[in-house]
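A.B. asks: Sharing a structure, written as structure tokens. Questions coming.
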Amino acid sequence: MGIAQNGSRTPRARSRRRGPPDASVPTRFIACVAREDSATRLRATFGALGPLGAAVEVHASENLAAVQKADVVLLCCKPQLAHTILGEPGLKEALDGKLLISILAGVTMAQMNAWVLPTTKVIRAMPNTPCKVRARILRFLLRLTTPTRHSDPRRHDRRLHPPPLSPSTELDRAIILKIFSSIGRCRFLDEKHFDACTALSGSGPAFACIFLEAMADGGVMMGLPRAEALELAAQTLQGTARMVLQGGAHPAQIKDAVTTPGGCTIAGLLAMEDGRLRSTIARAIQVATERASELGQPAKK
Ligand SMILES: NC(=O)C1=CN([C@@H]2O[C@H](COP(=O)(O)OP(=O)(O)OC[C@H]3O[C@@H](n4cnc5c(N)ncnc54)[C@H](OP(=O)(O)O)[C@@H]3O)[C@@H](O)[C@H]2O)C=CC1
């Protein structure tokens, strides 16, 4: 569990700034884990980060005390533990009026809302592994959805028709964006798309790595040294993804541009179509989405 206090709460941050503090910037962080050995490991990790790491306190089995001090709470446990953790005595009350951001796969807003007081503002987010390399190599998507309790169900596409924001909702949105845009690209999406997003970009790095490894294997089969084959494959995927993300090109356009009549690309493409690669990949996303929707739910007998 990650806990953050925002700019307005920390006098040291206030004195360093000119002008009023930015209430959307978290300045103090508390990481909560279950076991003392995990806490020791995390302290060493944060300790190695210098002044940045010094802003993070780490505690084992002290969730309540940490949540009481927090403005924003980030829930990052395994999906099946969420109910137990949020059910700890006093935690519900400690979360009163606060922003609770869950990154758990498969645990719905309705479930989270049922475990906290109606005044707790529940948000779901789904970062993915490429966060670790920030946006430098490959920008990634992160999906956030706003609370549904007071929303109008007819207004389903929030990107096209964002609901009017109250000042407090605007601040919450700014806090969420400050936290997550520091590690990648953010998108607000309706909750109904969450499991598909979990499959596409949460599990996506694993699927992409199968493709990456297979490309490199092909290169090795044709005599390339392993390291060079892997670098060429990874660089090719990175460059192609950038052409889509930054250049706005459609994948079919890029494919057609490198496909000379009677050439080697069309020969390779037909071999892929014979192997039903497209439907296999698309089905993998379908199956992973269905599995994501089961993760936070009680096991079926
Ligand atoms: N891995 C990924 O790429 C992504 C994961 N997610 C979601 O993130 C969540 C966490 O996944 P992952 O990081 O793999 O899981 P881990 O098991 O690695 O981490 C879970 C953490 O929760 C802590 N924890 C367990 N019980 C408690 C408790 N009672 N109080 C406080 N802390 C507790 C554990 O502490 P301790 O170490 O002491 O046991 C551990 O640090 C999952 O819900 C997953 O769906 C979302 C997006 C991407």
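Residue-by-condition table, conditions (1) β-branched (Val, Ile, Thr); (2) surrounded by 11 or more Cβ atoms within 10 Å (Cβ to Cβ):
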residue	(1), (2)
192	no, no
201	no, yes
208	no, yes
222	no, no
244	yes, yes
260	yes, no
264	no, no
285	yes, yes
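A.B. asks: Can you tell me which condition residue 78 does not meet? The list is (1) within 10 Å of the ligand (Cβ to nearest atom); (2) modelled with pLDDT under 80, and all the others hold.
C.D. replies: Of the numbered conditions (1) within 10 Å of the ligand (Cβ to nearest atom); (2) modelled with pLDDT under 80, the odd one out for residue 78 is (2).
A.B. asks: Could I ask something else about it? Give the residues of the range 42-68 that are away from the ligand (no atom under 15 Å from the Cβ) and surrounded by 13 or more Cβ atoms within 10 Å (Cβ to Cβ), sorted by residue number. Break it down into steps so the answer makes sense when it comes.
C.D. replies: Going residue by residue through the range 42-68, those that are away from the ligand (no atom under 15 Å from the Cβ) are 47-55.
Within the range 42-68, 53, 55 meet the criteria.
A.B. asks: Quick one: what pairs do we get from the range 67-89, first residue touching a residue at least 60 places away in the same chain (Cβ under 8 Å), second among the acidic types (Asp, Glu), C-beta under 6 Å, 6+ apart or different chains?
C.D. replies: none
A.B. asks: If residue 196 meets every condition in (1) more than 16 Å from the ligand (Cβ to nearest atom); (2) under 30 Å from residue 123 (Cβ atoms) apart from one, which number is that one?
C.D. replies: (1)
A.B. asks: Taking the range 198-239 as the region of interest, how many residues are within 27 Å of the chain's Cα centre (by Cα) and among the acidic types (Asp, Glu)?
C.D. replies: 2
A.B. asks: When only residues in the range 81-96 that are surrounded by fewer than 15 Cβ atoms within 10 Å (Cβ to Cβ) and either farther than 15 Å from residue 108 by Cα or aromatic (Phe, Trp, Tyr) (or both) count, which is farthest from the ligand (Cβ to nearest atom)?
C.D. replies: Our first condition is that a residue be surrounded by fewer than 15 Cβ atoms within 10 Å (Cβ to Cβ); within the range 81-96, this holds for 81, 84, 87-90, 93, 96.
Retained after the next criterion (residues that are either farther than 15 Å from residue 108 by Cα or aromatic (Phe, Trp, Tyr) (or both)): 84, 87-90, 93, 96.
On the way: 84: 7, 87: 10, 88: 8, 89: 13, 90: 14, 93: 17, 96: 19 Å.
This residue is 96.
The values are calculated or read from the model by the stated rules, or taken from the named source; none is laboratory data. The structure presented is a predicted model; accordingly, all values stated were derived computationally and were not measured. Here Cβ is always computed from backbone atoms with ideal geometry, including for glycine, and neighbour counts include all displayed protein chains.
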